[in-house]
Amino acid sequence: MALWSRWASVSAMSGEQELGVTESKNHNTGEWYAEVVQKAKLADYAPMGGFIVTRPRGYELWERLQNHLDGWFKETGARNAYFPVLIPESFLEREADIVEGFDPEVAWVTHGGYEELEERLAVRPTSESIITPFMSEWTRSHRDLPMRLNQWCSVIRWEATETKPFFRTKEFLWQEGHTAHATEDGALDEVMMRLGQYERLYEDVLAIPVLRGKKPEHDKFPGADMTTTVEALMPDGKSVQGGTSHALGQSFAEAYDVTYTDEDEEERTAWTTSWGLSWRALGALIMTHSDDQGLVLPPAVAPEQVVVVPIWQEDTKDDVLQYATEVAAELEDAGDVRVHLDDRDQRNPGFKFNEWELKGVPLRIEIGPNEVEDEVVTAVRRSDNENTKRELDRTELVDEVDDQLDTVFDELYAKAAENLVENVRTANEPTEIMGTIGQHGGFVKTPWCGDEACEEVIKEKVAAEIAMLPLEDGEAPEAAVEGGEAVEVEGDECTMCGEDATEVAYFAKTY
RNA sequence: GGGCUGGUGGGUUAGCCUGGUAUACUUCGGGCCCUGGGAGCCUGUGACGCCAGUUCAAAUCUGGCCCAGCCCA
């Protein structure tokens, strides 16, 4: 048994740690993650494999994320709608690629009560096949385009994989946007705009830097011309597909007859897109920032942004509580901060510190008789690994707290960005790709001819695949993160087969 | 899909080999006391993953299933 593990069980038996996280993020990422999710009260496992129960704290994270994205969607022309969870088999069958792509993981409803249905109904694995037919009905003229619909819903994909809350579940919450356009350019602009919004969500809200790219041909969404992705690198070296946006060309429009009359009175076929982001983003959020003390959240999604912990003695209790109450009220009213005053009588301060750290509150404010006397508050940032205590002046409280919350975001982002930048490496030999991924994880970029067989060579050996290809020639996604020039990949021959390279491939192990 | 490890009150866990009374800590409820990093005392509630089998008797043995974590495809 490894040392760290023995420590974990020893401290558990001594009754010191069992409320908090006992697993090590570095040494035992899987169990650590499961523990953080459960002990921070984000989710529980459901009785059936592959399903989870999202608890209020977890759902609140989703709601905040949702509010950001939904606002941007609406600002850019998308409107929310809702389509049935069940899709008739005959609808699903109309687009051949969708059938082929999702058939193995579709859940079917075959009975209503005791009656067997005449036509079985698919529980949606994605909704193109029910939404596009309606876009067809609603699209008459070029004046109806672009048509942009979005729905927030859950889908079911019956994969036989291990459950990992938010990362891998048979049912997951997501949004799926569906649009139709008069021109291919219009559709492509849409695809990139939505990808940009996903990138913005990760970078500006979740404090996670991402790489933008497209998926290789063989890994595209079924029926799509192009699938784009934002990829986030987790601390254990695996890549997460954080959101995807697809150019569907005209294949869906043809299959479901989305046509319109243009200015010249010609009947034309529309171009469609779809784009989705799931609660996997929450998985990436939890995995990226949290530590061995528990959850760590950036302020924008934290249910409580500030927790105020009063520390009193019998003779100071009234003063301390009054001061703490005023501080909390001021932050809430003047500062528009989500603040919680933890005035529980039966818990000592140390217990509260640990508990709120476990729950990921970005900023803790301690108020005892000393603070009251000096007219200050003591603040500790969750993102500060040194646990440094800072005095904030009472008279500048709102601004100071605001600064501290910004700093939490900056610290979280900087750490995640460092992880990303340090873990994009180049390789020019197959053994080098495999060796680098085996040793460090992360992304390894290398020239590639575009042939799936060449990916397979790597995949078989180290279970790493092509996570993405930079979107345009010469565009190196990590340059944005580094704020400078991208590192050039040497050579223009495919590293695996030696044929002419057409792409730069980013290999990684993936979630 | 294959293999490994595990599943005992809400959480952590002892007991299992060698069948018979289920251990402790903690959380939670009540009471007292206490408050600058998981304090203390009293008290109460609360569990053997599921289904079969063996047996006078199963948490314990056997078989099947379910669930989780890990490794491989």
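The values are calculated or read from the model by the stated rules, or taken from the named source; none is laboratory data. Here the structure is a predicted model, which means the values were calculated and not measured. Every residue, glycine as well, gets a Cβ built from its backbone with ideal geometry; the counts of neighbours run over all protein chains shown. Protein only, heavy atoms only, side chains kept; ligands, DNA and RNA dropped before computing areas. Shrake-Rupley method; radii C 1.70, N 1.55, O 1.52, S 1.80 Å.
Some observations on this one:
- Subset tally (residues that are within 18 Å of A:E499 (Cα to Cα) and open to solvent by 20 Å² or more (accessible area, probe 1.4 Å)) for the stretch A:433-463: 7
- The one condition from (1) of a type outside the set (A, V, I, L, M, F, W, C); (2) open to solvent by less than 10 Å² (accessible area, probe 1.4 Å); (3) closer than 18 Å to A:T272 by Cα that A:Y198 does not meet is (3).
- Scanning the stretch A:64-85 for residues that are aliphatic (A, V, I, L, M) and either in contact with a Cys (Cβ under 6 Å, 6 or more places away or on another chain) or crowded, with 17+ Cβ neighbours inside 10 Å (or both) returns A:L65, A:L69, A:A78.
- Filter result (buried (at least 16 other Cβ atoms within 10 Å of the Cβ) and more than 16 Å from RNA strand B (Cβ to nearest atom)) within the stretch A:46-63: A:Y59, A:E60, A:L61, A:W62
- Here the stretch A:338-351 is the region considered, the condition is being open to solvent by 30 Å² or more (accessible area, probe 1.4 Å) and more than 10 Å from RNA strand B (Cβ to nearest atom), and the residue that is nearest to A:K317 (Cα to Cα) is A:L341.
- Residue identified as in a helix (DSSP H, G or I) and in contact (Cβ under 8 Å) with a residue 60 or more places away in the chain among A:Y33, A:Y59: A:Y33
- Single match in A:N354, A:N387 (criterion: under 34 Å from the mean Cα position of the chain (by Cα), within 26 Å of A:E60 (Cα to Cα), open to solvent by 60 Å² or more (accessible area, probe 1.4 Å) and near RNA strand B (Cβ under 7 Å from one of its atoms)): A:N354
- Residue among A:T228, A:T261, A:T269 that is surrounded by fewer than 22 Cβ atoms within 10 Å (Cβ to Cβ), in contact (Cβ under 8 Å) with a residue 60 or more places away in the chain and not aliphatic (A, V, I, L, M): A:T261
- Going through (1) assigned to a helix (DSSP H, G or I); (2) touching a helix residue (DSSP H, G or I) at 6+ places or on another chain (Cβ under 7 Å) one by one, A:A284 falls short only on (2).
- Meets criteria (more than 20 Å from the chain's Cα centre (by Cα), under 30 Å from A:A43 (Cα atoms) and at pLDDT below 95) for A:D292: yes
- Filter result (touching a helix residue (DSSP H, G or I) at 6+ places or on another chain (Cβ under 9 Å) and not aromatic (F, W, Y)) within the stretch A:261-275: A:T261, A:D262, A:E263, A:R268, A:T269, A:A270, A:T272, A:T273, A:S274
- Any hit, the stretch A:302-324, residues being surrounded by 22 or more Cβ atoms within 10 Å (Cβ to Cβ), within 12 Å of RNA strand B (Cβ to nearest atom) and outside any strand (DSSP E or B): yes
- Residue count, the stretch A:287-301 (criterion: within 14 Å of RNA strand B (Cβ to nearest atom) and assigned to a loop (DSSP other than H, G, I, E, B)): 5
- When residues of the stretch A:108-142 are limited to those that are within 25 Å of the chain's Cα centre (by Cα) and of a type in the set (A, V, I, L, M), the one nearest to A:P222 (Cα to Cα): A:I131
- Extreme residue, surrounded by the fewest Cβ atoms within 10 Å (Cβ to Cβ), among residues of the stretch A:366-384 that are within 16 Å of A:V408 (Cβ to Cβ) and more than 9 Å from RNA strand B (Cβ to nearest atom): A:D384
- Residue satisfying condition, being away from RNA strand B (no atom under 12 Å from the Cβ) and within 30 Å of A:A224 (Cα to Cα), within set A:E118, A:E93, A:E105: A:E93
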